[in-house]
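Working notes, structure below.
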Amino acid sequence: MTTKLFKSVGVGVRNGHTKVRWANDMVSRIKLFSKKGEEVNFIELPQAMSKLAALEYFQANAKMEGDQAYVVSQKIAEMTRDAKKGEVEVKVKATKAVTKAVKVTKSAVTA
């Protein structure tokens, strides 16, 4: 998963397909998608965020219609699942303490 940060996030619908979109320059992205005939719904983020954090913010703060809410929630689930793939659970088995009997003599103690 990428660690790049974005300043805006949204969804676009083109030919009946809804996709999540990220951008740093929202105006140029809206112009680009509009030229291609894509309906877009972007919001400006309060600060630069990762893709997952931006989507969670978008889900909580944007008005979405129809498939948009479904696509956003599916993308969040997918990205969360992918993020957990990098996590490793480490288990340690109990270890035995090795002790060695040592004979202590009076001369060794006084030395």
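The values are calculated or read from the model by the stated rules, or taken from the named source; none is laboratory data. As the structure is a computational prediction, the values presented were derived from the model and not from experiment. Quick reminder, even Gly has a Cβ in these numbers, built from the backbone with ideal geometry, and neighbours come from all protein chains shown.
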Candidates 36, 51, filtered to the one that is touching a strand residue (DSSP E or B) at 6+ places or on another chain (Cβ under 8 Å), at pLDDT 90 or above and not hydrophobic (A, V, I, L, M, F, W, C):
51
Kindly indicate the residue of the stretch 35-80 that is closer than 14 Å to residue 21 by Cα and among the aromatic types (Phe, Trp, Tyr) and also nearest to the chain's Cα centre (by Cα) among those meeting that condition.
57
Positions within the stretch 38-53 being in contact with a Ser or Thr (Cβ under 8 Å, 6 or more places away or on another chain) and surrounded by 14 or more Cβ atoms within 10 Å (Cβ to Cβ), in sequence order:
40, 42, 43, 45, 50, 51, 52
Condition first: crowded, with 16+ Cβ neighbours inside 10 Å, modelled with pLDDT of 90 or more and on the phi < 0 side of the Ramachandran plot. Can you find one or more residues in the stretch 23-31 that meet it?
yes
Considering only residues of the stretch 9-45 that are of a type in the set (S, T, N, Q) and without any contact (Cβ under 8 Å) to a residue 40 or more places away in the chain, which is nearest to residue 71 (Cα to Cα)?
41
Residue hits (the stretch 71-87; farther than 20 Å from residue 6 by Cα and touching a residue at least 40 places away in the same chain (Cβ under 8 Å)) are 86
